[in-house]
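*Asks:* Okay, here's the structure, questions in a sec.
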Amino acid sequence: EEVPESGTPAASRKISSLSSPLRAIIRLRQRYRLQKKSRLHLELPREKPAEFVHTRLLQRQLSLNRTGLYGPSMSLFNQTGFESSQYFTFDTSVEQHAMKKCRRKKSRRKSRMVLYPDKTKRYLPTEEKSKAKRCLFLLMAIMFFQILNAIENLDDNLQKYNLDGLEKTMHREVFGQKVAVESIMELLKDYLATHIHNKPLVISLNGPTGVGKSHVGWLLAKHFRSVMASDFVLQYFVMHHCPSGGDPLMCEIDLSEKISDIVTRAEIEEKTPLFILDEVELMSPVLLDTLGRFFEPNQTNEFLNAIYILISNIGGGEITKFLIQNDSAELLRQHRGAEELVRIIQPVLSDVHPLWKSADIVPFVLLEKTHVINCFLEQMRREGLYPDQKHLEHLANQLSYFSTGDKQYSRTGCKQVVAKVNL
């Protein structure tokens, strides 16, 4: 029997009157019960008070007593199980967490099931990955490599013709025509960037005599012969190949055969031929008509891949008049002045023949006296002579000039330089 805590002093008085063995047994029993109570207090969850635990234990005992009504075997089993358990807790948080986790798994498994009006369970169709996205990525990759290949081909084609070296040579050896040289190089670079074109490139060099048009043609022919072959470059001088007393029909046949033969061979080797036609103002209308047919865009592919350089003095008078009236070298050194000259020359060339409508016109201006001195110096160096400045000025003073303000423009340009040096 349990002894209440309030009766502990009285019990101690009774224990003192007993014998020593009995006193020892009673002390052990009391200590055992105190340890049992402290153990039960530690095992129970702190958030649940002792009263709640006590009521739960009473409910458990009542439920076991009720089960005794159904049969003695069942009541005996439950009674023994209850008495055998030392302590009991009602913390079901772990079990609830496990049950919730199990329910989540079941809900995930059944998430694809849909209840239709006829209360039948059917699964949603499986989502298939779109193949269009893969095709789009593949197409983008193909386009990227094609663009990269095209850029590499552009660089290779320009390197094949070495236009940078040509530009340096022309700036070094052509005096007083900076804007014209830049225009020519820009047209060549744009055209030779690829081998596929929709029309041939026609460049018309127009200006007064002796300003460097024929010298530019000679430099172009020399450069393209070195980078390609002499078979793909034709220099056609009208006074030499078709003199004034010759048959125009024969000249037409000869020029057509030469152009067709060079173009055909150049197309086989994927090269762009160069045709330099000097003294075009002396060509007969028959020859001009023949050239006009080669310049048309509606031709076979091989005739679209060709460069034609037309050199003539047509429009030289208009350029000289414009230069003397404006007397502005700064204007002519800019592209704005070149565009103004093109607007002046274009109607004059169109009146001569319609073929100039499909040509890119590059005007050449008059040369100043300092440019003529540079021409004398370059020519004398080629001859192995190294004169002083006074000697060069003396030779330059033997030519005639247009005087406008403080500037002097040569009437004949550098045309007579070679003859003066030889003399």
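*Asks:* Calculate, for the stretch 158-365, the solvent-accessible area per residue in square angstrom, rolling a 1.4 angstrom probe over the heavy atoms of the protein chains.
*Replies:* Result: 45 Å² of accessible area for each residue.
*Asks:* If you don't mind, there's one more thing I want to ask. Out of H394, N313, V365, whose Cα points farthest toward the positive end of the dipole of the stretch 308-423 (charges: +1 Lys, Arg; -1 Asp, Glu; placed on Cβ)?
*Replies:* Working it through, the farthest residue towards the positive pole turns out to be H394.
*Asks:* Under the definition of Cα pairs under 8 Å and six or more residues apart, what whole-number percent is the relative contact order of the stretch 367-422?
*Replies:* Result for the stretch 367-422 is 45 percent.
*Asks:* If you roll a 1.4 angstrom probe over the protein chains with everything in place, what fraction of the accessible area of the stretch 220-287 belongs to carbon and sulfur, to the nearest %?
*Replies:* Percent of accessible area from carbon and sulfur atoms in the stretch 220-287: 56.
*Asks:* DSSP loop GluC sites (Glu not before Pro) in the stretch 314-406 with at most 13 other Cβ atoms within 10 Å of their Cβ, which ones?
*Replies:* E383
*Asks:* Using Cα-only point scatterers and the Debye equation, what is log10 of I(q)/I(0) for the stretch 241-321 at each q in 0.16 Å⁻¹, rounded to two decimals?
*Replies:* Here log10 of I(q) over I(0) equals -0.68.
*Asks:* Tell me, what is the percent relative contact order of the stretch 158-365, built from C-alpha pairs under 8 Å that lie six or more residues apart?
*Replies:* Rounded, it is 34 percent for the stretch 158-365.
*Asks:* Can you list the HN-Hα couplings for the stretch 169-184, worked out from phi with the Karplus curve (6.51, -1.76, 1.60; θ = phi - 60°), rounded to whole Hz and with x for Gly and Pro?
*Replies:* 3J(HN,Hα) across the stretch 169-184, in whole Hz: 5, 5, 5, 7, 10, 9, 9, x, 10, 5, 5, 5, 5, 4, 5, 5.
*Asks:* Please compute the modelled spin-label separation between R293 and Q146, points set 7 Å along Cα→Cβ, answer in nm with one decimal.
*Replies:* With each label placed 7 Å out from Cα toward Cβ, I get 3.7 nm.
*Asks:* Next up: Convert 25 °C to kelvin, take the viscosity as 0.890 mPa s, use the Kirkwood radius over C-alpha pairs of the stretch 160-267 as Rh, and evaluate the Stokes-Einstein diffusion coefficient in µm²/s, rounded to a whole number.
*Replies:* Roughly 156 µm²/s, to the nearest whole number.
*Asks:* Ok, one more. HN-Hα J couplings of the stretch 214-223 from phi, Karplus 6.51/-1.76/1.60, θ = phi - 60°, integer Hz, Gly and Pro as x?
*Replies:* 5, 5, 5, x, 5, 5, 5, 5, 5, 5
*Asks:* For the pair H394 and A24, how long in nm is the line joining their label points, each one 7 Å along Cα→Cβ?
*Replies:* 15.3
*Asks:* Next question. Could you give the alpha-carbon Rg of the stretch 158-365 over 2.2 N^0.38 Å, rounded to two decimals?
*Replies:* 1.00
*Asks:* Hey, another quick one. Using a 1.4 Å probe on the protein chains only, how many percent of the accessible area of the stretch 367-422 belongs to carbon and sulfur?
*Replies:* Whole-percent figure for carbon plus sulfur exposure: 46.
*Asks:* Still on this model: If we count every other residue with Cβ under 11 angstrom of G207's Cβ, Lys/Arg +1 and Asp/Glu -1, where does the sum land?
*Replies:* Value of the local net charge: 0.
*Asks:* Projected area of the stretch 367-422, taken from the Cα convex hull and averaged over every viewing direction, in nm²?
*Replies:* Across all orientations, the stretch 367-422 yields a mean hull projection of 3.5 nm².
*Asks:* For a quick check: with amide H placed at 1.01 Å from N, whose amide H comes under 5 Å from Q235's, ignoring anything fewer than 5 positions away on the same chain?
*Replies:* Excluding prolines and chain starts, which carry no amide H, the hits are I276.
*Asks:* Can you tell me which of 356-366, 216-226 comes out highest on packing, and rank the rest after it, using the mean Cβ neighbours within 10 Å?
*Replies:* Highest mean packing first, the order is 356-366, 216-226.
The values are calculated or read from the model by the stated rules, or taken from the named source; none is laboratory data. The model shown is predicted, which means the values in this text are computed figures rather than measured ones. Backbone-built Cβ (ideal geometry, glycine too); neighbour counts: all protein chains shown. Protein only, heavy atoms only, side chains kept; ligands, DNA and RNA dropped before computing areas. Shrake-Rupley method; radii C 1.70, N 1.55, O 1.52, S 1.80 Å.
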